[in-house]
Structure formats: structure tokens, C-alpha cells
């Protein structure tokens, strides 16, 4: 969905809908600026309410709003294109503002860097990198320019299943990490709590 919205949409607007390239890029740029304005607030919400609710909100946003968003975009009006892109942009920012904290927490400390790097980059290469090619192919096969909406909806179904299977990691220590403390008193309390109980 990230690559579809931020990379493929200018091509979609110009090639499939005949919209001027510069206009499409400017509208997308506006959507991206709005995403930048709210992404830190989404991160705060994920710290407060949990990673899973925010990720699920983004997935469900794509599931329910992709087709309506593309129906608006197809109308060709600048305002309706902006509204359609904004609907998908807000769904995307719910995920982007959460994933940077959620994904590393999935892996234990001793393998976190390598596991996250390999998993994330393989998935991005296979699914993100091929998104424009796959969508263009599907449009030519099924002869509908709503195919990106169906693609995003299908991706959202996969995402919903993934989020349901995921453990909540907000406000919990990272697996394999030593406890974090702010004061010497807290450190002493942790050491005391973990000290073996003497047997008599």
C-alpha cells in the first residue's frame, strides 16, 4: 500500500486517467505533507493505546476505503482526487507511524537487527518493488482501472491476519533486553526482586 500510494499513484493518474502528471504529483505532495504533520501524533497514540489498534485501524481503513477512494479519484476533479488520496494517506499513516516501533519489537534483542533487516527488505523488494508492475499487469488483464483498489483491499486482508497474530508490544520491555531504569533506587529494587530467596 505504501508503494502503491506514494510511488505508483502519479503513474496511475497520468497513464490510466489521463490526468496531467504535474497536477497528480502536487496533490500527492500535499497528502505527504499532511502525513508528515500527523505521523508523530500517530506514534503517540500507538504508545498510549497500543501498536495493534493503530495498525488494525490502518488495515481496516484500506479494506473499507480503497474502493470508495478510487471511485472518487476516477472522477478527475482536483478536490475529489485529493480527498481520495487523503483517505488512503490517513490509512497509510496509521501504519507508518506505528511500524517503526512495532516491527523491531517482534524480534528478540540478540537477532533483532539482522532478522528485521532481512525480513523487511525481502518483503519490500518482493511486494513493494513489484507493486507498479503487478497493478499495471492486472489492469491490462481485467480491463478495470479500479484494480489498485482491489489490490490494496487484498493487501489489507493479509495485514489484518498479520496484526491479529501479532503480540502487543507497547509499554512492554523488548524481548531479550535488560531492564531499563531511571534511578539507582529502581536498579536496586530490580536486583533485590531477582535475588534468590535463601532456603533454610
Checked region 38-137 against the a/c 1.5 cut and the a/b vs b/c comparison, axes a ≥ b ≥ c from its Cα gyration tensor; verdict oblate
Can you tell me the length gained on complete extension of the stretch residue 168 to residue 144, counting 0.36 nm per residue apart and subtracting the Cα distance?
4.8 nm
To the nearest Å, what is the center-to-center distance of region 23-81 and region 89-139, using C-alpha atoms only?
17 Å
What nm value, rounded to one decimal, do you get for the distance between residue 192 and residue 79 when each label is placed 7 Å out toward the C-beta?
6.6 nm
Net length gained if the chain between residue 100 and residue 183 were fully extended (0.36 nm per residue, minus Cα distance)
27.1 nm
If one compares the long axis through the Cα atoms of helix 78-105 with the longest principal axis of the Cα atoms of the chain, the angle in degrees, nearest 10, works out at 20 degrees
Helix-derived [θ] at 222 nm for the chain: sum -39500 (n - 2.57) over DSSP H runs of at least 4, divide by residue count, nearest 500?
-23000 deg cm²/dmol
What angle do you read, to the nearest 10 degrees and between 0 and 90, between the alpha-carbon axis of helix 184-194 and the longest principal axis of the chain?
80 degrees
Using volume of the Cα convex hull per residue in Å³ as the read-out, say which of (1) 170; (2) 121; (3) 142 was calculated from these coordinates.
(3)
Using only the alpha-carbon atoms, how far is helix 147-165 inclined from the longest principal axis of the chain? Give it as 0 to 90 degrees, nearest 10.
10 degrees
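The numbers here are math on the coordinates, done by the rules we state, and not lab data. Note that the structure is a prediction, hence the values are computed from the model and not measured. Heads up, the Cβs are rebuilt from the backbone with ideal geometry, glycines too, and the neighbour counts pull from every protein chain shown.
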